[in-house]
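Take a look at the structure below.
Since every read-out is calculated from the coordinates, none of them should be taken as a lab result. Since the model is a prediction, treat every value here as computed from it, not as a measurement. Every residue, glycine among them, receives a Cβ derived from its backbone with ideal geometry; neighbour counts consider all protein chains shown.
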Amino acid sequence: MNSSDENDDSQWTKVIRARSGWFDLRLGELWDYRDLIILLVRRDFVTIYKQTVLGPFWFMLQPLISTVIFTVIFGKIANIPTDGVPQPLFYMGGIVTWNYFAGCLNRTSDTFVANEGIFGKVYFPRLAVPLSAVIINLLNFAIQFVLFLAFLLFFLARGSNIHPNGWLLLTPLLLLQMGALGLGLGVLISSLTIKYRDLSFFVGFGIQLWMYATPIVYPMSQVPVKWQWIYLLNPVAAIVETFRYAYLGSGTIRFWQLGVSAGITVLLLGVGIVIFSRVQKTFMDTV
Amino acid sequence: MSDIVIKVEELTKEYRLGTISHGTLKEDLQSWWARLRGKEDPNSLVSHPSSLPRRQGLNPHFLALDKVSFEIKRGEAVGIIGRNGAGKSTLLKILSEVTAPSGGTVKIRGRVASLLEVGTGFHPELTGRENIYLNGTILGMKRAEIQRKFDEIVAFAEIDQFIDTPVKRYSSGMYVRLAFAVAAHLDPEILIVDEVLSVGDASFQKKCLGKMEDVSKGEGRTVLFVSHNLTAIQNFCTTTMYLQGGKLVAVGKTATIVERYLGDCLSSTALVWEGNHEPNEYLTITRAKIVKARSESDEIYINEEFRIDITVEVVKQVADIAFEIFVKTLDGIVVFNSFTDCMNLGRGSSVASCHIPGNLLNNGHFTITVVISKNFSYWLVKIEDALAVDLLSCPEGTGWQGDCPGVVRPKLLWTV
């Protein structure tokens, strides 16, 4: 052995230092731990349904009931227009997409606090946990999406004023973007909640408020044109509107709007992951 | 290729007591606003470099590890010993990347698996089978690897007929067996094990140690092992490191190091404890003390009664608490655990005394861990090895004066 060998980092499998750079993300490790991600998804999926009678139908019940309530309150009582689309379909499209985003955000935002026990005892890439949460929400979305499709077919058969079109092909991209947005913001919040526990109280409430800043219970056409640019700073708005346009043919969507939304998503995801990776190294000392 | 698999240089871990993060946004904003106006931070513990800490005697920087350097060769079984708070667990946490060091470097060659706890990530609703896979992947195994070793794991844990039962229905023994079985079948080049063998029954502990021995001797892997069980360390480790107050004070052949450690322990009888412990909202133990029944000299003989006085200061009225002590030998074996009934305490100070009769313990060195538990379900305060006492063989003229084997030496009724 010679000493120059020992000082060369490449001779070692792993070098642990006090401070590593902001961009020491080690995302490649996630791939090595892909089996863990799959098993975490399985764990949560299995434990949700164990000892429940209705199982996956719970996930259908919630959008169904919300749709009825929205139809009565916002459609019948408040009389908010829905761009000529049958009200139940309009609301359900919004609810299903929103649920996916909100679910991703909600479940990833308590990553550190909820997994304190495991994180304190063993190392694995921490991002595996929020990533698995996004995948679980994707599965939940799939269940709810089937329900939405059933509604869609029913109204199509009745000859309602809806026009599914080529934008449908964007669906996977929209889902990816919503997942990325939920994940990015979620891990960002989870990193901040270590320091500011107050934030976790705000998350649930904040998500509710956010829904009203998104075209879920009203179409985007109801937003005054001169305010739309500010409205579109909400990256979810463009996604929901595109989704509705693709399946129902109502509303308007332009590429630049999606572009802004995608830009914000990439930014949030990037910042989220960088801060998350930074915090994960020492968070055990602060909880 | 070099033989050194772990190289640690000047490793330091600093914990900041006091306020680094205030925990609430309001206080952080306050501090930030104050700094912005060039005023003194109202929430800072050490407000200016020149001024003194607000609370005297509280050092805001605490070094859990202080410039520790060592090298470990391939295939070595290394024991780490030291009193509580010496930095053993912190060292293992850094080596297993649970937390980052504040200074220094660690260089590692090969895959590391750490076992700081048995059954990390076990989910009570999942079956034994599902948990084997989940726990295995958390510890860094691939699914295919687990599949290959599945039967071996189940056989080691001796739970074949319960493999498809949710682990929440397992007895605690089964649970521990399963958890250790998974960890024991990891195939890392370096295995890091914290005090995990203190759980489970004796025969299983033996089996675990045997398995660890196979791993290190038979398969040429490196094992780092923290334990209070000196017998286990002596049987299993070739080399031992002795940590004291965050510093590495000695490394070398296990027998030599253990002897030195025991020597240090023996010379440090602690008849009074007056320190700080982790705070809680209800009470603090201000003092624990060993008091002789007859106080002519400091020595305590095995035939004499003595008592342990625990003084608490209650700041908030508290219900259903119990005082407890654990009396342990130097090897970390618990001789007995004794506790009061659940009681309520009002504000103010109280003293609980535990009377330990003469003719119970054997001569030798014992440590006493002081605990206050709540609802008999969790520990409000636990001061590990707060007190230490040396019991001497009977004074002249009152019986056999030599040593006797055993942990206890009760005086029993004999009829002939």
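As a rough footprinting exposure proxy, the listed residues B:Leu178, A:Leu233, A:Leu192 were ranked by other beta carbons within 10 Å of their own, and the order from fewest upward is A:Leu233, A:Leu192, B:Leu178. Take each residue in B:137-146, count the other chain C-beta atoms within 10 Å of its C-beta, and the mean is 5. Neighbouring Cβ atoms from other chains, within 10 Å of the Cβ of residues in A:175-184, number 0 on average.
Subtract the Cα-Cα distance of B:Ala270 and B:Arg129 from 0.36 nm times their separation in residues, and report this length gain in nm to one decimal.
On the way: separation 141, 0.36 × 141 = 50.76 nm, distance 4.82 nm.
In short, 45.9 nm is gained.
Of the DSSP H helices in chain A, those with a Cα length along their own long axis of 27 Å or more and a mean Kyte-Doolittle hydropathy reaching 0.0 comprise A:87-108, A:128-157, A:171-195, A:255-280. Shown in residue order for the range B:381-388 are the 3J(HN,Hα) couplings computed by the Karplus curve 6.51 cos²θ - 1.76 cosθ + 1.60 at θ = phi - 60°: 9, 9, 10, 5, 6, 4, 10, 9 Hz (x for Gly and Pro).
For a quick protection proxy, order the peptides A:247-256, B:128-137, B:78-87 by their average other-Cβ count within 10 Å, most packed first. Numbers along the way, then the final one.
Numbers: A:247-256: 16.7, B:128-137: 23.6, B:78-87: 21.6.
With the highest mean Cβ count within 10 Å placed first, the list reads B:128-137, B:78-87, A:247-256.
With neighbour counts taken as other beta-carbon atoms within 10 Å, the residues B:Asp341, B:Asp3 rank, fewest first, as B:Asp341, B:Asp3. FRET efficiency for A:Phe201 and A:Val146, Cβ-Cβ distance as r, R0 = 35 Å, nearest 0.05? Efficiency, from the Cβ-Cβ distance: 0.55. On a 22 Å Cα-Cα criterion, which of the cross-link pairs B:Lys217/B:Lys247; B:Lys7/B:Lys93; B:Lys88/B:Lys374; B:Lys93/B:Lys149; B:Lys73/B:Lys142; A:Lys121/B:Lys142 come out too long? Among B:Lys217/B:Lys247; B:Lys7/B:Lys93; B:Lys88/B:Lys374; B:Lys93/B:Lys149; B:Lys73/B:Lys142; A:Lys121/B:Lys142, the Cα-Cα distance tops 22 Å for B:Lys217/B:Lys247; B:Lys88/B:Lys374; B:Lys93/B:Lys149; B:Lys73/B:Lys142.
Modelled label positions at B:His355 and B:Glu145, each set 7 Å beyond Cα in the direction of Cβ, lie 5.8 nm from each other.
What FRET efficiency do you get for B:Ala202 and B:Lys247 if R0 is 56 Å and r is their Cβ-Cβ distance, rounded to the nearest 0.05?
Efficiency computed from Cβ-Cβ geometry: 0.95.
Close amide H contacts of B:Met241 (hydrogens built in the peptide plane, cut-off under 5 Å, sequence separation of 5 or more or a different chain): B:Gly79, B:Ile80, B:Ile81.
FRET efficiency for the B:Glu259 to A:Ile73 pair, using the beta carbon distance and R₀ = 60 Å, is estimated at 0.15.
Listed by chain and number, the aspartates and glutamates whose alpha-carbon sits under 15 Å from that of B:Lys292, ignoring those within fewer than 8 places in the same chain, are B:Glu304, B:Glu305, B:Asp309, B:Asp390. Here B:Lys253 is the anchor, and the aspartates and glutamates within straight C-alpha reach of less than 12 Å, apart from those fewer than 8 places off in the same chain, are B:Glu76.
For the range B:143-267, the Kirkwood hydrodynamic radius comes to 16.2 Å, computed from all pairs of different C-alpha atoms.
The listed peptides A:81-94, B:251-264, ordered by packing as a protection proxy, come out as A:81-94, B:251-264 (highest mean of other Cβ atoms within 10 Å first). In this structure, the amide hydrogen of B:Glu76, modeled 1.01 Å from its nitrogen in the peptide plane, lies closer than 5 angstrom to those of B:Val223, counting only residues at least 5 positions away or on a different chain. Annotation: amide H of B:Ala388 within the under-5 Å range of B:Ala270, B:Leu271, B:Ile368, sequence separation 5 or more or interchain, hydrogens built in the peptide plane.
Per-residue Cβ neighbour counts within 10 Å put A:Val146, B:Val226 in the sequence A:Val146, B:Val226, beginning with the fewest. Counting only other chain Cβ atoms within 10 Å of each residue's Cβ, the peptide B:99-108 averages 6.
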